[in-house]
1. Can you list residue pairs whose Cβ atoms sit under 8 Å apart, with the first residue in segment 345-370 being farther than 18 Å from ILE14 by Cβ and the second being open to solvent by 50 Å² or more (accessible area, probe 1.4 Å)? Count only pairs 6 or more apart in sequence or on different chains.
2. Which count do you get for residues in segment 300-317 that are more than 20 Å from GLU94 (Cβ to Cβ), open to solvent by 50 Å² or more (accessible area, probe 1.4 Å) and touching a residue at least 24 places away in the same chain (Cβ under 8 Å)?
3. Please find, among SER97, SER83, SER79, SER75, the residue that is under 18 Å from the mean Cα position of the chain (by Cα), in a helix (DSSP H, G or I) and surrounded by 13 or more Cβ atoms within 10 Å (Cβ to Cβ).
4. Show the residue pairs that are 6+ apart or on different chains and have beta-carbon atoms under 9 Å apart, the first residue being within segment 24-51 and β-branched (Val, Ile, Thr), the second being at pLDDT 65 or above and surrounded by fewer than 17 Cβ atoms within 10 Å (Cβ to Cβ).
5. When you scan segment 128-142, how many residues do you find that are open to solvent by less than 60 Å² (accessible area, probe 1.4 Å) and hydroxyl-bearing (Ser, Thr, Tyr)?
6. Going by the conditions given, is LYS345 open to solvent by 50 Å² or more (accessible area, probe 1.4 Å), under 18 Å from ALA208 (Cα atoms) and not in a helix (DSSP H, G or I)?
7. List the residue pairs whose Cβ atoms are under 8 Å apart, where the first residue sits in segment 88-107 and is under 20 Å from HIS184 (Cβ atoms), the second is exposed (fewer than 14 other Cβ atoms within 10 Å of the Cβ), and the two are 6 or more positions apart or on different chains.
8. Inside segment 228-247, can you point out the residues that are open to solvent by 10 Å² or more (accessible area, probe 1.4 Å) and over 15 Å from GLN89 (Cα atoms)?
Amino acid sequence: MAISVAGGVKPGKIIEVEYRLYLQLLVGKKAAVKMEDELDTLLDDAANKLEIERAAIKLRLDKQLKAKALYQAISEQLSHAVSKDIEHQLSWPEKVSGLSGISQTQLLLLDLLAAKEVNLARLRPLIDDSSWLVSELTAMINSPSSRHRRTNRGNIQVSDLKLILNYVGVENLRLLVPYFCLRHWLPSGNANVLWAARKLWRYSIISAIAAKALGQLHSKNVSLVYTCALLNQLGSAVVLNCGARMFEKHWRTWLQEASHSRDKEVYDAILATEFPANEIFNQVMHHGQKYSWQLLSLQSFDDSPITQVLKELDVEYHFSELSPEAAIVAKASCYAKVYLLEELKLIEHQEKRVMFDYYEFSQDELACLKGLNFRKLDLF
């Protein structure tokens, strides 16, 4: 007789599968399936060029044993300096909060949108306070694919925020604002973490799509579970961002020093040094989940339903003890892990069954999720 693992202590097999997924997101070299709203598409050439340049230098160094030894020594020193700096920085949540770019205004906006009743007039000044968010909404309304553009003759550009918000409406803002916020908090403009950021983004979107569908199926607060599913990776995004900034800072400083000393071998060794993805992976596994709610708590949002759900997902030991909302987010996250690992052919059928058993999926839930399009979030 099979022994059920439903809802109790998380089995080792579940932990192993979840670890495997994050390893692929942050360290794996397999390319992610493209989405229609890819991050930093302008960086594609830069990222590819950087990888080709590093590979060419390594090939040349491999032919020179002395140079290879120098590369290994310098690479280890640089990686160690970056790792120690990242470890020190991440040990201070207040420092991480200051570097994250997360503000009380943004969190209040998310909190208000997750409530049952929303006052559009109250949202306007909060949105107006974030210029990047205004730019995102304005660009969306004025894009060729917007219904506004298709139903109006001529090339009319709308710039008035009040008109934009009235046209978008509260229900669409519930989807758009959390979506744009997480995308804003992910690393951008950095070729070293472009692939990891894209894969983490895709995992978050799949989780959000699944949470939205499950919330509708169970007649729960769809906006709350959808927002929490996106923000469940907030901590991972911030850790990745901090790691990217720290590596870039050290790497550029070392390159400048080598350039000033006119030491070509040292310069090439530094240039070929790769981003310490394994170290960042370890830091994400250690800090990611707790920072997802602690960063909100540090901004005085302890009582927010969003913070409470994210905290449950970190501190509750048994799935069966989660609130209905937290359970939906956990299920959505589980489904996203299985979906991505299946895509990469990195999960066995029995492992998939154990995952679905532990998170207590019903046949109705699986049928609901199976028919969804996970390639793109159905936005306004």
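1. ASP364/LEU217; CYS368/LEU217
2. The number of residues fulfilling the criteria is 2.
3. On inspection, the qualifying residue turns out to be SER97.
4. VAL27/ASN278; VAL33/GLU343; VAL33/ARG375
5. Of the residues in that region, 2 qualify.
6. So LYS345 fails the test.
7. Short answer, once both residue conditions are applied: GLN104/SER300.
8. ASN232
The values are calculated or read from the model by the stated rules, or taken from the named source; none is laboratory data. Small disclaimer: the values here were computed from a predicted structure and weren't measured. Here the Cβ is made from the backbone with ideal geometry for all residues, glycine too, and neighbour counts use every protein chain on show. In case anyone asks, the SASA skips ligands and DNA or RNA and just uses the protein heavy atoms, side chains included. Shrake-Rupley method; radii C 1.70, N 1.55, O 1.52, S 1.80 Å.
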